[in-house]
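Structure first, commentary second.
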Amino acid sequence: MNAKGTTTALLVAAGLLPLPACDSHVGVHTDSGHMTFDGDDLLLSGKNSTKARVTPDGSLSIGGAGVAVTAAQRAELVRLQQVAHQMIQHGIDTGKAGAKVGVAAAGAALESLAKGDSRDVEATVEAKVNLVRQAAGRLCDDLAAVRDAELAVASTLPAFGAYVTTSEADIAGCRKDIASGK
């Protein structure tokens with residue numbers, strides 16, 4: 001790789017250079033299903049091959065067909081869409097925080113080489129890693145909120161039950177991974 005290619009790769013890896021044409025679909029995979037956003041719409045793939053779509057105003061379609069919902073169900077669908085969106089945003093924020101750890105580690109390592117003193121590198125990096133762990137812990141809370149919202153919808157709208165994408169095991173696994181530093 002030439003010097004220009006190396007520099008570009010380093011800038012992309014450090015999060016300092018945006019990637020062109022990033023896909024607008026971001027999502028979360030769990031053992032129970034998949035949740036993604038297509039623009040502002042929440043798409044859910046659960047226990048079957050069809051998808052459920054929840055719009056920001058609480059409209060629901062399953063397999064492309066609109067589903068009639070009551071005002072209370074619509075409110076629960078809006079809540080689900082909002083907590084899922086919040087979880088995705090927190091995931092993006094956590095990823096950015098992780099990238100900052102890499103930048104801080106590289107900067108601290110270069111500074112320690114220049115000074116000939118590496119004592120501060122570990123403390124600097126560990127402080128940044130702790131911030132990422134806190135942000136990642138928030139994702140587990142978000143996952144629990146999504147689970148609660150999905151179950152609230154499914155309790156009044158049985159057809160939605162197949163689209164519950166989170167389980168207690170997913171939440172427990174998330175918390176276990178955070179506690180173990182994964």
State whether the residues of the range 156-163 include one that is touching a residue at least 40 places away in the same chain (Cβ under 8 Å), surrounded by 14 or more Cβ atoms within 10 Å (Cβ to Cβ), of a type outside the set (A, V, I, L, M, F, W, C) and touching an Asp or Glu at 6+ places or on another chain (Cβ under 8 Å). yes
So, ALA52, is that one surrounded by fewer than 12 Cβ atoms within 10 Å (Cβ to Cβ) and out of contact with any Lys or Arg (no Cβ under 9 Å at 6 or more places or on another chain) or not? no
Give all pairs with beta carbons closer than 9 Å in which a residue from the range 77-99 that is closer than 12 Å to ASP40 by Cβ meets a residue that is small (Gly, Ala, Ser) and in a helix (DSSP H, G or I); count only pairs at least 6 apart in sequence or on separate chains. GLN81/ALA149; GLN82/ALA149; ALA84/ALA145; ALA84/ALA149
Is it true that ALA136 is among the aliphatic types (A, V, I, L, M), over 30 Å from ALA65 (Cβ atoms) and free of Cβ contacts under 8 Å to residues at least 24 places away in the same chain? no
Against the condition in contact (Cβ under 8 Å) with a residue 40 or more places away in the chain, surrounded by 14 or more Cβ atoms within 10 Å (Cβ to Cβ) and either aliphatic (A, V, I, L, M) or in a loop (DSSP other than H, G, I, E, B) (or both), how does LEU131 come out, does it pass? no
Confirm whether VAL121 is assigned to a helix (DSSP H, G or I), under 26 Å from the mean Cα position of the chain (by Cα) and of a type in the set (Val, Ile, Thr). no
Matching option when the condition is of a type outside the set (A, V, I, L, M) and at pLDDT below 90, among ARG175, ARG147: ARG175
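The values are calculated or read from the model by the stated rules, or taken from the named source; none is laboratory data. No experiment lies behind these values; they were computed from the predicted model shown. Counting neighbours? That spans all protein chains shown, and the Cβs are built from the backbone with ideal geometry, glycine included.
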